[in-house]
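In what follows, a structure is listed as structure tokens, so that the remarks can point back to it.
The values are calculated or read from the model by the stated rules, or taken from the named source; none is laboratory data. Quick caveat: nothing in here was measured; it's all calculated off a predicted structure. Glycine gets a Cβ as well: all are built from the backbone with ideal geometry, and neighbour counts include every protein chain shown. For accessibility, only protein heavy atoms count, side chains too; no ligands or nucleic acids. Shrake-Rupley method; radii C 1.70, N 1.55, O 1.52, S 1.80 Å.
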Amino acid sequence: MVPLVAVVSGSRAQLFACLLRLGTQQAGLLQLHTGASHAARNHYEVLVLGGGSGGITMAARMKRKVGAENVAIVEPSERHFYQPIWTLVGAGAKQLSSSGRPMASVIPSGVEWIKARVTELNPDKNCIHTDNDEQISYRYLIIALGIQLNYEKIKGLPEGFAHPKIGSNYSVKTVEKTWKALQDFKEGNAIFTFPNTPVKCAGAPQKIMYLSEAYFRKTGKRSKANIIFNTSLGAIFGVKKYADALQEIIRERNLTVNYKQNLIEVRADKQEAVFENLDKPGETQVISYEMLHVTPPMGPPDVLKTSPVADAAGWVDVDKETLQHKRYPNVFGIGDCTNLPTSKTAAAIAAQSGILDRTISLIMKNQTPTKKYDGYTSCPLVTGYNRVILAEFGYKAEPLETFPFNQSKERLSMYVMKADLMPFLYWNMMLRFQGDLPGIGKRWQLIWPGALLACMVL
């Protein structure tokens, strides 16, 4: 498959992306690897639950503080994925293979990898249990278990994915089905959904809509496509500045947006989707589709829901400024599994990791945490195969922007950052870096090289 982005991107963007790929190949030689396998101990100074973005990043930071031999990660998966790129995989602009690497290659060297699943947390006794009947104790616990996809809460799924015309960019098993459905589209409704639950990367459900519209235009199918975004929310985006820009795009591209519409059933054999009107519970509507992209309901991992560390909704109950648990002072949370009132993104985790690093440092010294997380998060809103609106904001739903220009405008430079620069920085800096980049504001540490390079592109 030839990525469609190669056709629609400008020559400068292609050159820049090529240079980044060459840089990635060189940096790959420096990838971290675990040491020789040995039997896991039953106690660690710092125990990290989860091998996703937050878990790997914090393990690297804790290694520097207490030594690799005193840190362990509990994670059952064999592969680690950079999931933000799946939006582009679903649109045919990136290959799925580019999004994943062996878990062993991203776990910091010397840190113990306990290849098991957490089955119970017992913070009152400072220990956890795993599915291989091991009990592991800790002095400090970092919970980074991510968010759980609940496709089964939609009647007809996940078994419906065995049928054509349906996909989802949220799972490694279904993201390529989105691209297949997009390619096979002939005529009719192209439907994109947003569930009635918290989700990770809340912009992704509409990003694939904009990309699909662009694909239909490029392939001469736009006049035959009725593009519908059915969202459980009451607004297109939570920050007015970016919502206004998106509404203008929706108007210009003749997209249909229906609010307070929740997908409750998929009849894949009939190519029908059933939606409930959240303003009128019990009122449903059946819509036929030629293409359906499903954003699944999501929630906290099952192991957390009944755990003492969870709040009433099942999320890890942390202080929103320090990320320290509200009841257990030696327990901390980061990322999607927490109840932090901000958008769940990789950029948020990058910002949170610096704050949590300082929080733990002071707790280890019996001091009170002083650094405060302001809720910073970022959502590169992909609006085409070469355009992105870079939304950055915090707890107050007000812009917290990086660049000295209007970030609500679609830009090629921001697309290059999303598609090529950010993955490079993720694999080679965020997961590996064990301290702060000198002289750079903490919020911008993940993206500062891109600020310079991207501005040179456009």
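The figures follow:
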{"read-out": "Total residues in region 365-396, condition over 30 Å from P329 (Cβ atoms), part of a loop (DSSP other than H, G, I, E, B) and touching a Lys or Arg at 6+ places or on another chain (Cβ under 9 Å)", "value": "1"}
{"read-out": "Test for E290: is it assigned by the TED database to the domain that holds A181, of a type in the set (D, E) and touching a Gly at 6+ places or on another chain (Cβ under 9 Å)", "value": "yes"}
{"read-out": "A454 being modelled with pLDDT under 85 and of a type outside the set (S, T, N, Q)", "value": "yes"}
{"read-out": "Hits in region 140-172 - residues which are within 16 Å of the chain's Cα centre (by Cα) and within 20 Å of R79 (Cβ to Cβ)", "value": "A144, L145, G146, I147, Q148, L149, S168, N169, Y170, S171, V172"}
{"read-out": "Tally of residues being touching an Asp or Glu at 6+ places or on another chain (Cβ under 6 Å) and among the hydrophobic types (A, V, I, L, M, F, W, C) across region 154-194", "value": "1"}
{"read-out": "Residue within region 289-296 that is in contact (Cβ under 8 Å) with a residue 12 or more places away in the chain, hydroxyl-bearing (S, T, Y) and in contact with a Pro (Cβ under 8 Å, 6 or more places away or on another chain) present", "value": "yes"}
{"read-out": "All positions within region 173-191 that are within 18 Å of the chain's Cα centre (by Cα) and either part of a strand (DSSP E or B) or surrounded by fewer than 17 Cβ atoms within 10 Å (Cβ to Cβ) (or both)", "value": "K173"}
{"read-out": "Filter result for T87 (closer than 29 Å to P308 by Cβ and either crowded, with 16+ Cβ neighbours inside 10 Å or more than 19 Å from the chain's Cα centre (by Cα) (or both))", "value": "no"}
{"read-out": "Filter pass, G354 being of a type outside the set (S, T, N, Q), in a loop (DSSP other than H, G, I, E, B) and more than 17 Å from D420 (Cβ to Cβ)", "value": "no"}
{"read-out": "Within region 192-226, tally of residues that are open to solvent by 30 Å² or more (accessible area, probe 1.4 Å), closer than 17 Å to N386 by Cα and in contact (Cβ under 8 Å) with a residue 40 or more places away in the chain", "value": "1"}
{"read-out": "Condition check for S137: open to solvent by less than 70 Å² (accessible area, probe 1.4 Å), hydroxyl-bearing (S, T, Y), in a loop (DSSP other than H, G, I, E, B) and in contact with a His (Cβ under 9 Å, 6 or more places away or on another chain)", "value": "no"}
{"read-out": "Filtered residues of region 165-183 (kept if free of Cβ contacts under 8 Å to residues at least 60 places away in the same chain and within 18 Å of F216 (Cα to Cα))", "value": "K177, K180"}
{"read-out": "Strands (runs of 3 or more DSSP E) wholly inside region 49-129 containing at least 2 residues that are of a type in the set (V, I, T)", "value": "71-74, 118-122"}
{"read-out": "Residue list for region 387-398, filter: open to solvent by 20 Å² or more (accessible area, probe 1.4 Å) and more than 17 Å from Q247 (Cα to Cα)", "value": "F393, Y395, K396, A397, E398"}
{"read-out": "Flag for D279 being open to solvent by 10 Å² or more (accessible area, probe 1.4 Å) and either farther than 22 Å from P198 by Cα or touching a residue at least 40 places away in the same chain (Cβ under 8 Å) (or both)", "value": "no"}
